Amino acid sequence: MMENVFITAVETACVLGLRTEECLDALRERRGGLALSGCVPGEGFEALPMGVLPSHELVKGRRYGAASNAAVKVATAAVRRACWSAEEIRASWLFGASSRGNAGEILGANAWRRPLRKFSASNTMHCEIPAAVSIELGMRGPWQMVSNGCSSGLDALGLAWMAVGSGAAPRAVVVAVDLPLIAALLQDFRETGLLSSNGVNDPFATGEERRTSGFLPGEAAVAVTLERDSGGRPKLCRVEHYSANSDAYDTLMIPDDGGGIEDCVRAAVQAGEPGKVVAVCPHATGTLNHARVEPPALLRALDGRRVPLLPLKPQTGHTLGASGLLDVALLAACMADGWLPAVLPGLTPPGCGLPLNEALLKVTAGDRVVKLASGMGGHNAAVSLVVLPESLTTDHTD
């Protein structure tokens, strides 16, 4: 039997800021961070808006790869926010997630970091991410690495939820990171047709005059702590349910009928009172395929209820394997303070009739939010989050 599992602390770093508080300020102000950056000069990406981390400070360090360094820093901050003791940290389980891992080291793009030769092999491995966190934080519980494309972070959260809720793990840290702003990776995405070709930051725009054409990339690192009982310490929200399935259709495209999206989201919606779902945070990458197929599948999963959509990628960029966990962490922090953000001004609502969340939304105990992510090969993952009574939350800034 699954016990209640709570998100008790988060740390987020993306184009909106290197700390959660900075990111929340941007969300309150309906401010996006994507811009022409010039961070990939001379490669034909000068006209592509990107979500670049505000500084290199997060990825610096000679022992590990850039993604691993970022993971260590956000995980350290999240555990500190959770007020875990050394013994609690030692016994906790760890779940890492990334789509591209330390791709900069694999492709030789991060030579500026001057890594030590003895770490050359580990710096090119995805599993270095959780290994580094485990070593630096002294975590002796098992760690796992999930790399399911863009659903990696949400799947890692789901696995951690099952481990903690079943009693197998006393508590868990989930950390996800992706730093995809490397010329070779961007070129691969361009050749597949997934990368935006016109810079339109409007994921549901399908009209002739304004049409989305692909995703706008962003960098992010995020960590979340999960517990059954936080010993009287504050909680941000409850993780109510995790579901996942696969389309078994294509490595890149979603079938016209939405594939497994409807069933995956419906399972999350039906895990509690459907009428309490006040918002859905879609995957909404910006590809035309997603723009046309995802919203109708969501509407069917909601049994026709016009629940507002809250896409966050227009503000953060598509941070690949970190995107699902990043959205959850930002939503959890907002929910603990009793609100949900509005979408960026001027976004186009989907043609199926589902509205966008156009204004800051106040939430109360029992309100539910569903988050969807879709990964490589049509792997879908969804979680439902529940707002807690005010008595279980406090001011979570530090």
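The values are calculated or read from the model by the stated rules, or taken from the named source; none is laboratory data. These numbers were taken from a predicted model, which means no experiment stands behind them. Because the Cβ atoms are built from the backbone with ideal geometry, glycine has one as well, and the counts that use them run over all protein chains shown. Ligands, DNA and RNA are excluded from the accessible area calculation, which covers all protein heavy atoms including side chains. Shrake-Rupley method; radii C 1.70, N 1.55, O 1.52, S 1.80 Å.
Inspect all residues belonging to the stretch 366-386 and state whether any of them is assigned to a loop (DSSP other than H, G, I, E, B) and of a type in the set (Ser, Thr, Tyr). Quick ask: steps written out before the conclusion?
Here is the first cut: in the stretch 366-386, the ones assigned to a loop (DSSP other than H, G, I, E, B) are 366-367, 376-378.
Then keep just the ones that are of a type in the set (Ser, Thr, Tyr); that gives none.
Within the stretch 366-386, none of the residues are assigned to a loop (DSSP other than H, G, I, E, B) and of a type in the set (Ser, Thr, Tyr).
Taking the stated definitions as given, is Ser37 out of contact with any helix residue (DSSP H, G or I) (no Cβ under 8 Å at 6 or more places or on another chain), surrounded by fewer than 16 Cβ atoms within 10 Å (Cβ to Cβ), farther than 22 Å from Ala160 by Cβ and of a type in the set (Ser, Thr, Tyr)? The answer is no for Ser37. Yes or no: Arg368 crowded, with 22+ Cβ neighbours inside 10 Å, in contact (Cβ under 8 Å) with a residue 40 or more places away in the chain and among the basic types (Lys, Arg)? Here the answer is yes, as Arg368 does meet what is asked. Quick check, is Leu159 in contact with a strand residue (DSSP E or B) (Cβ under 7 Å, 6 or more places away or on another chain), open to solvent by 40 Å² or more (accessible area, probe 1.4 Å), closer than 19 Å to Val10 by Cα and at pLDDT 95 or above? Against the criterion (in contact with a strand residue (DSSP E or B) (Cβ under 7 Å, 6 or more places away or on another chain), open to solvent by 40 Å² or more (accessible area, probe 1.4 Å), closer than 19 Å to Val10 by Cα and at pLDDT 95 or above), Leu159 qualifies. A residue that is closer than 15 Å to Val222 by Cα and buried (at least 24 other Cβ atoms within 10 Å of the Cβ) occurs nowhere in the stretch 163-171. Taking the stretch 191-245 as the search range and keeping residues that are more than 21 Å from Glu390 (Cα to Cα) and of a type in the set (Lys, Arg), which one is farthest from the chain's Cα centre (by Cα)? Checked the stretch 191-245; the qualifying residue farthest from the chain's Cα centre (by Cα) is Arg210. Screening Ile254 on (1) open to solvent by less than 10 Å² (accessible area, probe 1.4 Å); (2) part of a loop (DSSP other than H, G, I, E, B) shows it passes everything except condition (1). Identify, please: which residue in the stretch 172-195 is part of a helix (DSSP H, G or I) and among the small types (Gly, Ala, Ser) and is, among those, most open to solvent (accessible area, probe 1.4 Å)? Taking the candidates together, the pick is Ala184.
The numbered conditions (1) of a type in the set (Ser, Thr, Tyr); (2) open to solvent by 20 Å² or more (accessible area, probe 1.4 Å); (3) at pLDDT 95 or above are all true for Thr225 except (2).
Put simply, of Ala168, Ala132 the only residue that is among the small types (Gly, Ala, Ser), at pLDDT 95 or above, touching a helix residue (DSSP H, G or I) at 6+ places or on another chain (Cβ under 7 Å) and over 30 Å from Thr251 (Cα atoms) is Ala132. Report the residue count in the stretch 125-141 for those that are touching a Ser or Thr at 6+ places or on another chain (Cβ under 7 Å), open to solvent by 10 Å² or more (accessible area, probe 1.4 Å) and of a type in the set (Gly, Ala, Ser). Total meeting the criteria: 1. Residues that are touching a Ser or Thr at 6+ places or on another chain (Cβ under 8 Å), part of a loop (DSSP other than H, G, I, E, B), open to solvent by 10 Å² or more (accessible area, probe 1.4 Å) and not polar (S, T, N, Q) are absent from the stretch 285-303. Scanning the stretch 265-276 for residues that are buried (at least 24 other Cβ atoms within 10 Å of the Cβ) and either out of contact with any Leu (no Cβ under 7 Å at 6 or more places or on another chain) or of a type in the set (Ser, Thr, Tyr) (or both) yields a single hit, Ala268.
Open to solvent by 10 Å² or more (accessible area, probe 1.4 Å), assigned to a loop (DSSP other than H, G, I, E, B), closer than 27 Å to Gly338 by Cα and out of contact with any His (no Cβ under 7 Å at 6 or more places or on another chain), is that true of Gly61?
Numbers: open to solvent by 10 Å² or more (accessible area, probe 1.4 Å): yes; assigned to a loop (DSSP other than H, G, I, E, B): yes; closer than 27 Å to Gly338 by Cα: no; out of contact with any His (no Cβ under 7 Å at 6 or more places or on another chain): yes.
Against the criterion (open to solvent by 10 Å² or more (accessible area, probe 1.4 Å), assigned to a loop (DSSP other than H, G, I, E, B), closer than 27 Å to Gly338 by Cα and out of contact with any His (no Cβ under 7 Å at 6 or more places or on another chain)), Gly61 does not qualify.
For the stretch 228-246, name all the residues that are of a type outside the set (Lys, Arg), assigned to a loop (DSSP other than H, G, I, E, B) and open to solvent by 60 Å² or more (accessible area, probe 1.4 Å). Residues satisfying the conditions are Asp229, Gly231, Gly232.
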